[in-house]
Amino acid sequence: MTVTTAAPALALSGVSKRFDGFPALDGAHFSVREGEVHALLGENGAGKSSLMNVAAGLYLPDEGEVRVDGVVRRFSGPLEAAACRIGMVHQHYKLVRALSVAENVMLAAMAVESQSAAGDRSADKVGTTASRAALRTSYGSRLARIRALIDDHAARLGFSIDHRRAVHTLSVAEQQRVEILKALVTGARILILDEPTAVLTDEEATRLLQTMRTLAAAGAAVVLVTHRLRDVREHADRVTVMRAGRTVAECDPRATSTAELTELIVGAAAPAVTRKAAAPGVARLAIRNLTCRRHDGFEVLANLSLKVRSGEIYGVAGVGGNGQTELVEALLGIEPPVSGEVIIDGVGDIAMASPAARQSIGVAAIPADRYRLALAGTLPIADNYGVTRVASGAYGSVLWVDFRRMRQEAAAGVREFDVQGVRRIEQPAGLLSGGNAQKLVIAREFASAPWLVVAHSPSRGLDVRACADVQRRLIDAREAGAAVLLVSEDLEEVLLLADRIGVMSRGRLVAEFDAPVDRQRIGQAMVDHA
Amino acid sequence: MRSLRRGRPVVAARRRMSAAFDAAVTTVAILAGLALSAFILVVAGVPAEELANEFIVNTLTDADNLRAVLAQAAPLAFVGVGAALAFRVRFWNLGLEGQMIAGSVAATAIALADVGPPVWRLFLMLVAAMAAGMAWALVPALLKLRLGVNEVISSLLLNYVALNFLLHLLYGSWKDPVDAFPHSPAFDPFERLPDLGWGLNAALPLVGAAAVFAAWLLGRSRAGFYMRFVHANPSVALAKGLPVAALVLTAVLLSGGYAALAGVCLSVGQEGRLTQAFFAGYGFSGILIAFLARNNALAAVVVAFLVAVLFVSGQSLQVFYQIPFAMVRLIEAIVIISAAASEFFLRYQVRWLR
């Protein structure tokens, strides 16, 4: 292998990747050199993670090429990428919780070693015996070697970590360090971190980014996938901005203003939508000082307050992972808050009420994670449609469920809400495409005129037509007098639909605007406080 | 990349499956399991040409054998339907035998203490048995719902608690004073399940009614409709505000009650006294029946009948060919492993990639 100093450590060009016809990447390019920290910036769904998953061998691109040190590579799995010394720390850590730190690292190291050995065998015969010998050493001596390597790397990076501790006893920040050590011990020279600061406190984030600087100074190529402008401005040497699956710019973060970067991220202004002026009435939903904590004590929602009135859509904008999921789950009663109130007009405070106790209130819920919170994929469409109305006696008594009527009403609802791909009303809901499954959820939740709607990223992953349909339904609900809380990571959608917009960052509502609002100001609030 | 050139099997998740395909795969799997069992029986010394005779012709055409099959089917159907009830809410009730013991101990206590007038005695015994079986099932159910304790372990280990309590009674205060054997004194005739003629006792109509009740509960009632969601996707059931804990408790308590009645069929119905091992093996059979019946109450009755055929044939093999009865358990195990393994082909398709 000839290494030309001019070639970047990692270069991706013309990369396209489609999922079920939806283009996640559309001719994107990116390159990182040795010795630099390179930020990859963009909104949720801009394609940052997808592009890096291509680099790390998780996705095979439909088009385009990956070059490592100038040599074209085609990875059919993450181990092949690791053998090329590319390591990725994913947003959701890939650790075996029951095993110790050292065992986790060894597990990764063994896999990479055997992969390298396989590669050597096909490349030349000389390396084979050495690699095989390395594989044959005993468990004890390997573990000892891994421990020494961990301690060595940890000391160099200033991590204090006990390699004997089981991973499940570690904090989120410590687990992240294990992931980084795992990559380094397996020989990674090109280190990709996907949203590494999203789950960390400010101090932890600063320390991590300083560590990455140290690594780069020692010759590594570090890729920082992030949405936080502050990380980028303070710690990156170069920045590549992605939007809608394309690379839109590559620049020096110190020579680019925040406003310019924000514009690159969120794009140009969207066309204004004409619709009836809001005629807000009473506050149907009032959230006061809502605070939620993760199991390890991290505050995912901090003192959040907002009001949604009848006849308006309140949009919560913000980059994903800033407490939106927790807000929606607290509102639906899935994860009770630590403190605060959720006051429903005419009902009272329901912050601590279980989902069962909330059933009679009649909140139309459109959660982001359909198959965790809304639909049972293995059950028929009719059952999924009927489940919320069975309790009211709409489909027979406690003793005898009238399945025929449920099927008839489900068929009518499915027709009315234009759910496509329903051959039989008894077919499992899981066979519907994403957009149609979402329409089924809306058909069910809007079966009786909605009064209060809680929708989380309702059009995520949907094609243009389905997306427009879903958004139309929300506007219809608003015009019929419902109070709609729209939590969305898609700024476009919030700008299009909302009458008022709150911006969430790190579990707080950091700004509130009345529509129409300048997207730049929202974009700034989204990234500045992050 | 030499391995790529040679080709390799690739396993991919199956996107769509039809009920017909499901039934076909399961049938093939069960037949494969039976074929393997037949092979083992032949190796063990049963002449190959006699197999069909022993298993089908003799058991189903001979009146005595058919009576034995029906008598055997009743407790099997009770445990099978009981297991299916619990499985419908994703509660792996491995404590069926413990619940059988608890039920029979309670029924025996009523009989030995002569509670109530003789006309009501049997009814009281049945009620006590169900209550005790439910109580025994309540322990792992509450442990799971309140503390998150895995019911596989708690319900299984409670079997040993029940067994040792049973032995304590049979070797102690309940030892039969007549023959000094470690079993309870015989029940009075009015304390036994009444005969319906043709050598069959009241267990059969009882289990029929119980199965119909379970089929109605699971298939037609609102609770059963909700249980589908608890089974298919517990997090959705919770998010949609279904009373998940109450549904789990209902199904598990009924499961314990049905298991207790299975025990009663054996102790009060067949043996006429409380013995040391009346329950042995029924827990496993119950799981097998529920599994093969896909947790359908009426299908469980049919499967229970087939397992009873296997049991009775096993007994005759024991007599005629000195095949140990453990062979029946082995056949059961082979069939259940075959059926379980076939799930792989339902969920995935295997293709050869070059």
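Here's the list of lysines a cross-link from residue A:276 could span, going by alpha-carbon distance under 29 Å and ignoring same-chain residues fewer than 8 apart: A:307, A:439.
Both radii come from the Cα set of chain B: Rg as radius of gyration, Rh as Kirkwood radius; their ratio Rg/Rh reads 1.02.
Within 10 Å of each Cβ in A:377-384, how many Cβ atoms from other chains are there, averaged over the peptide?
3
Taken as Cα centroids, the stretch A:214-253 and the stretch B:153-221 sit 72 Å apart, rounded to the nearest whole angstrom. Neighbouring Cβ atoms from other chains, within 10 Å of the Cβ of residues in B:237-247, number 6 on average.
Under a 5 Å amide H cut-off, with hydrogens placed 1.01 Å from N, residue A:220 pairs with A:35 among residues at least 5 apart or on other chains. For chain B, the relative contact order comes to 37 percent (Cα pairs under 8 Å, sequence separation of at least 6). Using the Karplus relation 6.51 cos²θ - 1.76 cosθ + 1.60 with θ = phi - 60°, the per-residue 3J(HN,Hα) values for the stretch B:286-292 come to x, 5, 4, 5, 4, 5, 5 Hz, with x marking Gly and Pro. The phi torsions of the stretch A:163-175, fed into the Karplus equation with coefficients 6.51, -1.76 and 1.60 and a -60° offset, translate into couplings of 5, 8, 6, 6, 4, 5, 8, 8, 6, 4, 5, 5, 4 Hz, rounded to whole numbers, with Gly and Pro shown as x. Less than 5 angstrom separates the built amide H of residue A:320 from those of A:44, all sequence-distant by 5 or more or on a different chain.
Taken one residue at a time, the phi angles of the stretch A:212-225 give Karplus couplings (6.51, -1.76, 1.60, θ = phi - 60°) of 5, 4, 4, 4, 5, 4, 7, x, 7, 9, 10, 10, 10, 8 Hz. Gly and Pro are set to x. Using a cutoff of 8 angstrom between alpha carbon atoms and counting only pairs six or more residues apart, the relative contact order for the stretch A:376-449 works out to 42 percent. Looking at the protein assembly as shown, send over the antiparallel percent of its DSSP beta bridges, to the nearest 5. Rounded to the nearest five, the antiparallel share is 60 percent. Here the stretch B:216-350 is treated as a sphere whose radius is the Kirkwood value from Cα pairs; by Stokes-Einstein at 25 °C and 0.890 mPa s it diffuses with a coefficient of 140 µm²/s. Ordered from longest to shortest, the equivalent ellipsoid semi-axes for the stretch A:376-449 are 20, 13, 10 Å, each the square root of 5 times a Cα gyration tensor eigenvalue. Under a 5 Å amide H cut-off, with hydrogens placed 1.01 Å from N, residue A:62 pairs with A:16, A:17, A:18 among residues at least 5 apart or on other chains.
This model, with +1 at the C-beta of Lys and Arg and -1 at the C-beta of Asp and Glu, gives the stretch A:376-449 a dipole about its Cα centre of some 140 debye.
Eigen-decomposition of the gyration tensor built on the alpha-carbon atoms of the protein assembly as shown gives equivalent ellipsoid semi-axes of 58, 37, 25 angstrom, largest listed first. As I understand it, the value is the acute angle between the Cα axis of helix B:19-43 and the longest principal axis of the Cα atoms of chain B; what does it come to in degrees, rounded to 10? Relative to chain B, helix B:19-43 is tipped by roughly 70 degrees.
Spatially, the stretch B:269-312 and the stretch A:161-206 are offset by 53 Å when compared through their Cα centroids. As a proxy for reagent exposure, B:136, B:216, A:451 were ordered by neighbouring Cβ count within 10 angstrom, fewest first; the result is B:216, A:451, B:136.
None of the figures in this text is laboratory data; all of them are computed from the coordinates on show. All values derive from a computational prediction rather than experimental measurement. FYI the Cβ positions are ideal-geometry reconstructions off the backbone, even for glycines, and counts take in every protein chain you see.
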